[in-house]
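Remarks on the structure that follows.
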Amino acid sequence: MKELNNIVSGKKILFIGPVYFNYEVEIIEELQRAGATVTFIQENVDATTLKFLIINRMPSNIQSNARDKYFIKKIDELKSKDYDFVFCLRIDLFSDKVLTYLKEQIPQARYILHYWDSCKRMRGAHDRARYFDLVSTFDKADYEAYKSEGWRFRPLFYIPGYAGINKNPDKDVDIIYIATLSRERAVYYTRLKDYCEAHGISLYAKFYIRRFVWNLQKNYEEYKPLDESVLTFKSIPAHIIQEKMAHSKVMFDCSHSAQSGLTMRTIECIGACEKLATTNYDIADYDFYNEHNYLLIKDYNFEGLEEFVHRNYQDLPENVYNKYSLKCWLQEIFFEE
């Protein structure tokens, strides 16, 4: 397989993707290090723009028309349309109208799509894929469903800042649990907290949720036991997560029940050399899995967790660490056989 710089060096890339915990910046910087020139258009405007938060409460036809108008305007504002690649992540908000217009304006580019969300959690994901030359997904179920159409399987990545950080011998926390808040994760936290208190295990937890969402949802039964001290209404910077991982023994992960793909946190634990306790049993089918570094949790049964906390981490082969790096992730997504 070609190295990333041999694929994108000297090339112009239009990158369309979500603004999400600064990962879009890391992706842009990795492409730039490989010699590419990158222009970025934010896809998930409904998550960060007040205008679209309001529009999303309107009838669906008004929503779609407003989004189409917005994205077509963004395409028209591009200073140059001489791109070699159009690289998209997710494209949940892109309609057929917008994608058709995009291809009319930039017909010469190679169109690449990667889904880092499950198709069933997005609008028309399978239909949108027909606009692209290369399609890949992090979700094994989606890959199995569409591999006959040429889809590729590629799990997520860890950014350079996570590499080897858990090699630090100074551990002052047994378990950390850092995630975006959901009902399922809240219940797991409550049960995990009780277990840790009963077994003398230290636990640090922090959950991100937008403040207006919390104000709407805080009376959910699953959220009532939560102390607001474990919540944050601002996205958690990577350097804070890295600092917590560097001083902890185990990361706890509760995967979304609606998807089979591995969370970003799971892959970050590979780069960080950190043990992981997770609810995602699919992890056992991956090449990095071994029973020494991973504990599978099901139905709030934490049996074996106390022993797992005090177990030493077992190093993985070097090629595994390389495979799940951001650079290799991009290399596989852009590679054309």
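The values are calculated or read from the model by the stated rules, or taken from the named source; none is laboratory data. Source: prediction; values computed, not measured. Using ideal geometry, Cβ is built from the backbone for each residue, glycine included, and neighbour counts are taken over all protein chains shown. Note: areas computed on protein heavy atoms with side chains; ligands, DNA, RNA excluded. Shrake-Rupley method; radii C 1.70, N 1.55, O 1.52, S 1.80 Å.
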Worksheet item: Put +1 on the Cβ of each Lys and Arg and -1 on the Cβ of each Asp and Glu in the chain; which of Leu203, Ile165, Tyr83 then has its Cα farthest toward the positive end of the dipole?
Response: Tyr83
Response to the item:
Per residue convex hull volume, Cα only, region 175-231, in Å³ is 68
Worksheet item: With all protein chains present, how much of the accessible area of the chain (probe radius 1.4 Å) comes from carbon and sulfur, to the nearest whole percent?
Response: 47
Practice prompt. With a bin width of 10 angstrom, please list the P(r) values of region 1-140 as percents of all Cα-Cα pairs, from the 0 bin to the one holding the largest distance.
Written response: 11, 42, 37, 9, 1
Worksheet entry | Those trypsin sites (Lys or Arg not before Pro) in region 239-319 that DSSP places in a loop and that have at most 16 other beta carbons within 10 Å | Arg311
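Can you give the local net charge around Lys206? Use residues other than it whose beta-carbon is closer than 14 angstrom to its beta-carbon, Lys and Arg +1, Asp and Glu -1.
Around Lys206, the surrounding residues sum to +1.
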Worksheet item: Seen from all sides and averaged, what is the projected area of the convex hull of the Cα atoms in the chain, in nm²?
Response: 17.5
Discussion item. Probe of 1.4 angstrom, ligands and nucleic acids ignored: what's the accessible area per residue over region 132-288, in square angstrom?
Written reply: 42
Item to complete: Any chance you could check the Cα centroid distance between region 174-248 and region 85-136 for me, in angstrom?
Response: 34
Worksheet item: How many nm separate the modelled label positions at Lys73 and Ile54, each set 7 Å beyond the Cα in the direction of the Cβ?
Response: 1.3
Worksheet item: What residues of region 307-337 lie in the reach of a label at Ala163, counting those whose backbone N is under 15 Å from a point 7 Å from the Cα along Cα→Cβ?
Response: 318-331
Discussion item. Could you tell me what a quarter of the Cα convex hull surface of region 81-170 works out to, in nm² with one decimal place?
Written reply: 8.0
Worksheet item: So which GluC sites (Glu not before Pro) in region 214-299 pass both tests, a DSSP loop state and at most 14 other Cβ atoms within 10 Å of the Cβ?
Response: Glu291
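Can you give the convex hull volume per residue for the Cα atoms of region 30-102, as a whole number of Å³?
On the way: hull volume 7.8 nm³, N = 73.
In region 30-102, the Cα hull volume divided by residue count equals 106 Å³.
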Item to complete: Taking the Cα centre of the chain as origin, sum charge times position over the Cβ atoms of Lys and Arg (+1) and Asp and Glu (-1), and report the length of that vector in debye to the nearest 20.
Response: 1280
Fill in: Calculated P(r) of region 168-292 - Cα pairs past 26 Å, %
20
Worksheet item: Arg211: accessible area at probe 1.4 Å, nearest 10 Å²?
Response: 140
Worksheet item: Among Leu113, Leu78, Leu192, which one moves the most in a GNM of the chain with springs linking Cα atoms closer than 10 Å?
Response: Leu78
Practice prompt. Would you kindly find the accessible area of Tyr294, with a 1.4 Å probe and non-protein molecules such as ligands, DNA and RNA excluded, rounding to the nearest 10 Å²?
Written response: 10
Fill in: Paramagnetic label zone (point 7 Å from Cα along Cα-to-C-beta, Arg152; backbone N under 15 Å) in region 95-130
110-116
Worksheet item: For Lys69, which aspartates and glutamates qualify as cross-link partners when the Cα separation must be under 20 Å and same-chain residues fewer than eight apart are set aside?
Response: Glu43, Asp46, Glu77, Asp92, Asp96, Glu104
Fill in: Flagged links, alpha-carbon separation over 22 Å, of Lys74/Lys140; Lys12/Lys79; Lys167/Lys249; Lys51/Lys120
Lys74/Lys140; Lys51/Lys120
Worksheet entry | Helical contribution to [θ] at 222 nm, DSSP H n ≥ 4, -39,500 (n - 2.57), averaged over the chain, rounded to 500 | -10500 deg cm²/dmol
Response to the item:
With the convex hull built on the alpha-carbon atoms of region 244-298, volume per residue in Å³ sits at 77
Worksheet entry | Selection from Ile41, Gln217, Phe252, by position along the positive dipole direction of the chain (Cβ) | Ile41
Worksheet entry | Cα long-axis angle, helix 183-199 against the chain (0 to 90 degrees, to the nearest 10) | 20
Item to complete: Take the Cα radius of gyration of region 138-226 and divide it by 2.2 N^0.38 Å, with N its residue count; two decimals is plenty.
Response: 1.51
Worksheet item: Any idea what % of Cα-Cα pairs in region 1-68 are farther than 17 Å?
Response: 54
